[in-house]
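Participant: What follows is a single structure, and I will ask about it in a moment.
Just so you know, all these numbers are worked out from the coordinates, no wet-lab data involved. Nothing here was measured: the structure is a model prediction, and the numbers come from that model. Here the Cβ positions follow ideal geometry from the backbone for every residue, glycine too, while neighbour counts run over all protein chains shown.
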Amino acid sequence: MGRSMEKTYEMLQQYAVNSLEYQKGRALHQRGQAALSSAEEAHGRTQIQATVRDLSRRYDVEVTIQSTGLAADGNWGDFDIEESSCSCGEYHTPGKLCRHEIAAVLQYFCEGELVSSVHTSAACISMIQAYEKRYTLQYQKSNISDVKVVPKFVTEGKKIGLEFFAGTRHLYPIRDLTAFKQSYQKGEDISFGKQLSYPNCEYSYDSDSAALIQVICLQIDSYLNHWSQQEKYTFDRKISNVELEEGFADLYMKAFCGRELELIEDGKSRMVHVVKENPQVKLILEKKGKDGARLWLPDKWKLAEGNRHIYLFGEDTVYICDEYYSRALRIFYRNLLQVAYPGSGYMDINNSDFPSFIHYVLPEIQENINLECRDLSLEEFVPPMLQVKFTINLWDILELKMETRYGKRIVHLGEKSDTNLVRDVEKEQALKDLLERYLPSMEKDEENGQEDCERYIIENGDDIGRFLEFCLPQLYSFGSVVLEDGLADLHFDEAPQIKAGMRFMDHFLELGFESDGLSEKQLKDVLRAYHEKQHYHRLEDGRILKLSDEFADKLAEFEDVMDIDAREAVDRPVSLPGYRFLFADEMLASMQGIDYQPGKEIRDMAERMKRTELEMYPVPETIGATLREYQIYGYRWLKMLQDYHFNGILADDMGLGKTLQTITLLVSDQGKGSSIIVCPASLIYNWQHELELFASNLRIQVVAGNAKERKELIEQYTSYDVLITSYDLLRRDLEIYEGCKFFYQILDEAQYIKNHMTMNAKAVKQINAAYRLALTGTPIENSLSELWSIFDYLMPGYLYSYTRFRKQFEMPIMKNEDAAARNRLRKMTAPFLLRRSKSQVLSDLPEKDEKTIYSGMEDEQRKLYLAAHKQLVDQLQGIDSAYYEKNKIFILSQLTKLRQICCHPALCYDDYQGSSAKLEACMELVQRAVKGKHKVLLFSQFTSMLDLIRERLAEQNTKYYCLTGNTDKQERQRLVDEFQNDDTPVFLISLKAGGTGLNLTAADIVIHYDPWWNVAAQNQATDRAHRIGQKNTVTVYRLIAKDSLEEGIIKLQESKKALSDDILSMDFGAIASMSKDELLALLSTGEVANQAK
């Protein structure tokens, strides 16, 4: 009750005259000064009477409360105060309560339910009595049972009514249907004279009569409601009969079907059978006077209408007509029997209206009525038929002239005419619909149109073709068609096949088109029609060619990919870059409508490039290594590209020997000219070492030293088979290379030119080389533009300009996940990109077991992370996207700070004295590995983190090597060799400095201390150990700070993987390209992020 009383207090405060009066009223109630006299409830209202003592006086109070709902516990909820009065007389504001009234209401809610007297509602009493009587009558033995209610039809003029009689053996008229209905609904006794008295309820009647009474009650209620609204009659008006009217006729006649009933007409009685069938009605149409006729029924009929059926009353039968008959003849009988001359059964027709009668009425009635014509012939009144004449001319435009007439009277479609003209609306509308479908504008040529015809023109060639192919044949069903001279030999042909020839000429493709059935001019016009997406093209000889949408789409795609206009290849062959031959060959061969005739060299080349075996390229005997099968295939693939003057990307997974396959290629072409290898500075001596090991017969020179020394070496480039330089030195020495012409230019770690705007990318493209080769395990790291940049180096223009590439491929694929664009890009790049994964080619390579270890943050570390996280989120939420893009470098530096805190707060807070849970987990992993005689590669992006780990390793007397970007190139190679051969258990490596170009198979445990945005870089680092030469299972640990940004980085890596796998089986996703909203979503990862909010 407590919660309900709180609600009561709240509502009474609103009703109180003021807050002081409310407080006084509550005080009176609490002191027990209010006494409840009575509480009477009726119709949801409660009237309470109470006395309230205030000081030495007593006040009489009356309040009426209206409940507006119950509280959740079933007690009173909301309520309204309808009336109130108090003998104090102090306040008289309507709807407001004095202190005494408030005390009385509170007393009621506290004890009212205990003292109030509840009275049964009148409606409830009536309901109980009705059910009681029904129950009693159902089981009570009565002397009277199976009383019948029998109807009689009563006709007067055109109206048909019903009277009702009740009884068992003798029938008594029910003279007051209103009283009968009320008595029946209450179940009261009813008497007919002294002989018949019984309870007027459903149990006293047979089933047919009970059903009939329900209909009677409905109709009486309808009468009473109508009269009540009209305010003309009172409810006690006696109704002795009802009319068989439309709203109730169907219900009555359904009950009467199959019965024989009495019909009283003009005081005479006869019996009629009610049957469910259509009557055979005779109708006579005979001449009358000099200019008309009379339509009449020889037999006498009366009509009653229901909603679904009509009812025809004949001499001895009442017909319940079916719905089809009723729908067709309802209007006819209504007008003949009830409208024209009520009850007469005839109508007169003037000769001028006969055509309309014959056209509109006769088709509806003659199927169901026996029509007899006397002294006249209907044929002379049949209205003239619609006559249409079409005249069609075809020049540059199509002209349609249409003349429509009925006899001598000219009409125009859609325009009204005088009422005496009978028009074939159905046929006119069908013709209008047809023309609108094929004449989209449906505009008449008003200037040149003649008064007796309509003139339409079609200017668009496609619309002309559609009209002639599909509309013209249908016009013959509407009238006569006259084709003028331009259409005398009209016929449609499928477009003839186009022959496509392609061959090589001086390393370029020559492509030409021709057609046996078309001249060069005609073929150009047809190609233009395809280009404009037309469906028809008309030739000078009158033939109309049907053009395929599918072929038009394929041709448009071919022109787009080849960057040509097919019409230019008709007069003379067009020249295409040779590297487009495979894609062109595949597309032309698959196009329906193209008779592709490639030259022999094209056929042979396509076959060889598609074959999986390339035995024609033997492995050089002088190579100092035994190549695996997939390496032999890779070498031969490179040779095949060179043989056909193509360039390509060797994109094998890290650790599969891209270097060895490339060295084999260099050995095979020794003597054809000098080649140059461009690689990261850290890999120069690794290349030198590998070349000396596997190709000792090659003359190798590393371009190193000061500027003068490098200049001398470059100028003597023809003295060497291979020069090795770095991207940085190539940029510096670019002018010296201007006169050099190399056989091969090979880019190792070609992702170094992924940004086509950098000096690296621009510099390598200026080197003169007969053939270019890119080596990279990650041709896509962050975006598709990187793939474009590499191809722009290999074959400029193959993937078009960057603007076009971005529009056609990068944006649709990255933003819209356009599968068609993705498939097309894959098809274009596949012939020039070879990629194999370890799982595909190295069945003997030990497994790689990847594990993620989560560590929480120390208390102080967590506080620092939360503060930095909140600061960055607040900054992002307070700036717009334009400011974000402009200041992205600063934002990303804040992101780096968060990552450093995850590693160890000491990386960005010099005075931090706490620890890092991740560092402790890392050191525990290292110590377990060392005790287990394992060798460990430990990667981090932060050299300062490696410094902290070095300190801990020194404290534990654990030997280690460390390689960072500051490590000298020659020292780098020495460290690798020693780690591979001595017992030093730990190698600390900066991810960027040592993630590529190292062979560290002595290690079988890899630890990634912190995750990088691009998982491809992590995979490259892992593959320093998981590569050819590894004998043990490699275990890879990723250390992640739980509930931090690092978890978001892992999710980002996974979300980007599917798309890159589909194109190149590579991972990519750059933080630098993320929008503000994407960065905020990344920062929302984990519980720590939620706490930061």
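Participant: Which GluC sites (Glu not before Pro) in segment 302-395 pass both tests, a DSSP loop state and at most 12 other beta-carbon atoms within 10 Å?
Facilitator: Here the sparse-neighbourhood loop sites are 315, 367.
Participant: Further, regarding this structure: Compute the FRET efficiency between residue 226 and residue 265 as 1/(1 + (r/R0)^6), taking r as their Cβ-Cβ distance and R0 = 30 Å, and round to the nearest 0.05.
Facilitator: Computed FRET efficiency for residue 226 and residue 265: 0.65.
Participant: Follow-up question, since we're still on this one. Using the alpha carbon gyration tensor of segment 633-841, what are the three equivalent-ellipsoid semi-axes (square root of 5 times each eigenvalue), largest first, in whole Å?
Facilitator: Those come to 30, 20, 15 Å.
Participant: Where both partners of a DSSP beta bridge lie in the chain, what percent of those bridges are antiparallel, to the nearest 5?
Facilitator: 55 percent
Participant: Here is a further query. Restricting attention to segment 313-406, which chymotrypsin sites (Phe, Trp or Tyr not before Pro) occupy a DSSP loop and are surrounded by at most 16 other Cβ atoms within 10 Å?
Facilitator: Sites meeting the loop and neighbour criteria: 395.
Participant: So if R0 is 30 Å, what FRET efficiency would residue 840 and residue 1033 give, r being the distance between their Cβ atoms, rounded to the nearest 0.05?
Facilitator: Calculated transfer efficiency: 0.95.
Participant: Set the Förster radius R0 to 25 Å, insert the Cβ-Cβ distance between residue 420 and residue 371 as r into 1/(1 + (r/R0)^6), and round the FRET efficiency to 0.05.
Facilitator: Once the sixth-power term is evaluated, E becomes 0.60.
Participant: I would also like to ask the following. Could you tell me the ratio Rg/Rh of segment 277-326? Both radii from Cα atoms, Rh via Kirkwood.
Facilitator: 1.10
Participant: Would you work out the charge dipole size for the chain about its Cα centre, treating the Cβ of every Lys and Arg as +1 and the Cβ of every Asp and Glu as -1, and quote it to the nearest 20 debye?
Facilitator: Its charge dipole is roughly 2660 debye.
Participant: Moving on to the next point. Looking at segment 78-110, which GluC sites (Glu not before Pro) are in a loop (DSSP not H, G, I, E or B) and have at most 12 other Cβ atoms within 10 Å?
Facilitator: Filter output for segment 78-110: 90.
Participant: Report the label-to-label distance for residue 909 and residue 715 in nanometres (one decimal), using points 7 Å from each Cα along the Cα→Cβ vector.
Facilitator: With each label placed 7 Å out from Cα toward Cβ, I get 6.0 nm.
Participant: Starting from the eigenvalues of the Cα gyration tensor, five times each then square-rooted, give me the equivalent ellipsoid semi-axes of segment 275-381, largest first, whole Å.
Facilitator: Result for segment 275-381: semi-axes of 25, 14, 12 Å.
Participant: On average over all directions, what projected area in square nanometres does segment 148-244 have, based on the convex hull of its Cα atoms?
Facilitator: The number I arrive at for segment 148-244 is 6.7 nm².
Participant: Indicate the gyration tensor shape class of segment 764-891 (rounded, prolate or oblate), computed on the Cα atoms with a ≥ b ≥ c the square roots of the eigenvalues: a/c under 1.5 is rounded; otherwise a/b larger than b/c is prolate and the rest oblate.
Facilitator: It is oblate, given that a/c is not under 1.5 and a/b is not larger than b/c.
Participant: What percentages make up the Cα-Cα pair-distance distribution of segment 501-613 when the bins are 5 Å wide from 0?
Facilitator: 2, 11, 21, 24, 18, 11, 7, 4, 1, 0, 0
Participant: Tally Lys/Arg at +1 and Asp/Glu at -1 over every other residue whose Cβ is under 15 Å from the Cβ of residue 698; what's the total?
Facilitator: My count for the surroundings of residue 698 gives -3.
Participant: Excluding residues fewer than 8 places away in the same chain, name every one of the aspartates and glutamates whose C-alpha is closer than 19 Å to that of residue 290.
Facilitator: Cross-link targets: 348, 353, 375, 379, 380.
Participant: Also: Can you find, among 581, 624, 548, the residue sitting farthest towards the positive end of the charge dipole of segment 541-637, where Lys and Arg contribute +1 and Asp and Glu -1 at Cβ?
Facilitator: 624
Participant: Specify which residue in the list 407, 255, 429 is farthest towards the positive end of the charge dipole of the chain, using unit charges on the beta carbon of Lys, Arg (+1) and Asp, Glu (-1), about the Cα centre.
Facilitator: Farthest towards the positive pole: 255.
Participant: On average over all directions, what projected area in square nanometres does segment 386-487 have, based on the convex hull of its Cα atoms?
Facilitator: 6.5 nm²
Participant: Can you divide the C-alpha Rg of segment 240-306 by 2.2 N^0.38 Å and report the result to two decimal places?
Facilitator: Dividing the Cα Rg of segment 240-306 by 2.2 N^0.38 Å gives 1.51.
Participant: For Cα pairs less than 8 Å apart in space and 6+ apart in sequence, what is the mean separation divided by the residue count of the chain, i.e. the relative contact order in percent?
Facilitator: Computed value for the chain: 5 percent relative contact order.
Participant: If the limit is 28 Å between Cα atoms, which of 848/959; 870/1051; 897/1031; 863/935; 181/254 go over it?
Facilitator: Going by Cα-Cα distance, 897/1031; 863/935 fall outside the 28 Å limit.
Participant: For residue 387 and residue 42, calculate 0.36 nm times their separation in residues minus their Cα-Cα distance, and state this gained length in nm to one decimal.
Facilitator: That pair, residue 387 and residue 42, stretches by 116.1 nm at full extension.
Participant: May I pose another question? Can you tell which of 304, 48, 670 lies farthest toward the positive end of the dipole of the chain, using +1 and -1 charges on the Cβ of basic and acidic side chains (Lys, Arg; Asp, Glu)?
Facilitator: 48
Participant: Could you work out how far apart the two model spin labels at residue 485 and residue 550 are, taking each label as a point 7 Å from the Cα in the direction of the beta carbon, and quote it in nm?
Facilitator: Between residue 485 and residue 550, the simple spin-label model gives 4.1 nm.
Participant: Give the peptides 615-623, 914-922 in descending order of average Cβ contacts within 10 Å, highest first.
Facilitator: For the peptides 615-623, 914-922, the packing ranking is 914-922, 615-623.
Participant: Here's something else I'd like to know. What is the mean projected area of the alpha carbon convex hull for segment 727-781, to one decimal in square nanometres?
Facilitator: 3.7 nm²
Participant: Oh, and also: Quickly rank 43-49, 900-906 as a protection proxy: mean count of other C-beta atoms within 10 Å, highest first.
Facilitator: Descending packing order for the listed peptides: 900-906, 43-49.
Participant: Would you work out the Kirkwood radius for the chain? I mean one over the mean of 1/r across all pairs of different Cα atoms, in Å.
Facilitator: Computed over Cα pairs of the chain, the Kirkwood hydrodynamic radius comes out at 42.4 Å.
Participant: Now a separate question. Quick one: which of 1021-1027, 547-553 comes out on top by average Cβ neighbours within 10 Å, and what's the full order, highest first?
Facilitator: In descending order of packing, they fall as 1021-1027, 547-553.
Participant: Using 7 Å Cα-to-Cβ label points, what is the residue 432/residue 497 separation (nm, one decimal)?
Facilitator: Each label point is offset 7 Å from its Cα along the Cβ direction, giving 5.0 nm.
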